[in-house]
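What follows is calculated from the coordinates using simple rules that are stated; it is not laboratory data. The structure presented is a predicted model; accordingly, all values stated were derived computationally and were not measured. FYI the Cβ positions are ideal-geometry reconstructions off the backbone, even for glycines, and counts take in every protein chain you see.
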Amino acid sequence: MIRFVDIHKQFGPRKVLDGVSLDVDTGEVLYIIGSSGAGKSVLVKHLIGLIRPDAGRIELGGRDITWLSEPDLYPVRKQCAMVFQNSTLFDAMSVVDNVALPFRKHLGLKPAEARARARDKLDLVGMRHTGAWLPADLGDGLKKRVAIARALTLDPTYVIFDEPTTGLDPLAAAQVDDLIRSLKRDAGVTSIVVSHDLRSIFGVADRIAMIYQGRIRLDGPPDAFRRSPDPVVTQFVNGLPEGPMET
C-alpha cells in the first residue's frame with residue numbers, strides 16, 4: 001500500500017497541498033482528479049522524490065520514504081515507475097533503444113540482450129514493429145505507448161501516469177486506457193492516474209480522489225462521484241467551466 005499522510009506543499013506564497021491524506025490499495029486503479037493547478041501532479045511526484053513535502057510523510061509498504069537520500073530512492077523508483085505527460089523519449093535513439101536503456105543502465109545487460117528484452121516489452125503495448133523507428137516517426141499516442149513500455153522494463157509494482165491521454169485523439173486515448181486496464185488484469189500492477197479526461201476517468205477507475213483547494217474533496221468509487229450532491233464535484237463531473245463554486 002501507498003500512503004500519503006497529511007501532505008503540505010507550498011511554492012512561494014501559493015499553498016498547493018494543504019493536508020492531503022490518501023491511501024492507494026494494492027492492485028487498484030486510482031484516478032486523481034481536479035482542475036488545472038490543483039496539485040495532482042505535485043502530489044504524485046512526492047512518491048518518487050521529485051518533490052519533497054513541507055510537512056507530512058509518504059509510506060510505501062509500511063516504510064516511511066519521505067526523506068530518503070537519492071541513492072536510497074533508487075529502489076523506490078524501480079518499484080514505482082512514472083509515465084510523464086510528454087513521454088520524454090530520447091529523440092536520437094530508436095524506439096527499441098529507448099526501451100532498452102533501463103535494462104542497460106540498471107541491470108547491466110549487454111546491448112543485444114537489452115534490445116531483446118525491450119522488444120518483449122514493446123510487444124506488451126503492441127509496438128514491437130516500431131523498434132527501428134525514431135520517436136519523430138511516431139504520433140503522440142504511439143509515443144505514449146512506447147513510454148509505457150519503457151516504464152515497465154523493471155517490472156514495477158506501481159505505475160504513475162501523469163495526464164496519459166491529454167492531447168491524444170479519441171482512438172489513441174482509448175488504446176492507452178486499454179493498456180492501463182490490461183496492466184492491472186495481466187500483471188497485477190497498481191496504477192495511479194492523474195487526469196482530467198472524464199471519459200477515461202469513468203471508464204477505467206476503480207476509485208477516484210478529487211483534490212480541490214489543496215485538500216481531498218471526495219474519495220470513492222465512480223458511482224459516488226456520479227451521485228454526489230457536492231456542487232464542486234458536480235461541476236467537474238459535468239465538464240462545466242470553472243466559476244464561483246459553493247465550498
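So the values come out like this:
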quantity	calculated
Sites E59 and A224, calculated FRET efficiency, Cβ-Cβ separation with R0 25 Å, nearest 0.05	0.50
Rg to Rh quotient for the range 164-215, alpha carbon positions, Kirkwood Rh	0.99
Cut-off 18 Å, label 7 Å out along Cα→Cβ of D206, residues of the range 12-35 by amide N	22-33
Evaluated at q = 0.09 Å⁻¹: base-10 log I(q)/I(0), Debye formula over Cα of the chain	-0.40
Prolate/oblate/rounded call for the range 8-73, Cα gyration tensor, a/c under 1.5 rounded	oblate
Stokes-Einstein diffusion coefficient of the range 144-247, Kirkwood radius over Cα pairs, 10 °C, 1.306 mPa s, in µm²/s	106 µm²/s
Across K40/K105; K9/K143; K78/K144; K15/K144, pairs whose alpha-carbon gap is larger than 27 Å	K40/K105; K9/K143; K15/K144
Dipole of the chain, positive direction: furthest Cα of F103, M82, T157, with charges on the beta-carbon	F103
Net charge contributed by nearby residues that have their C-beta within less than 11 Å of F90 (K/R +1, D/E -1)	-1
Computed FRET value (nearest 0.05) for A136 with Y74, which takes r as the C-beta separation and R₀ as 25 Å	0.25
Cα centroid separation, the range 1-54 to the range 184-216 (Å)	13 Å
Ratio Rg/Rh, restricted to the range 101-180 and using Cα atoms, in which Rh is the Kirkwood radius	0.97
Efficiency of FRET from Cβ geometry, W67 and D123, R₀ 22 Å, rounded to 0.05	0.05
For the range 36-158, alpha-carbon Rg and Dmax in angstrom	15.8, 47
Lys/Arg +1, Asp/Glu -1 at C-beta; the range 18-63 dipole; positive extreme among L50, L30, G61	L50
Of all DSSP beta bridges in the range 2-237, antiparallel share, percent nearest 5	55 percent
Full-extension gain in nm, D23 to L107, via 0.36 nm per residue minus C-alpha separation	27.2 nm
Cα-centred dipole magnitude for the chain, charges only on beta-carbon of K, R (+1) and D, E (-1), debye, nearest 20	540 debye
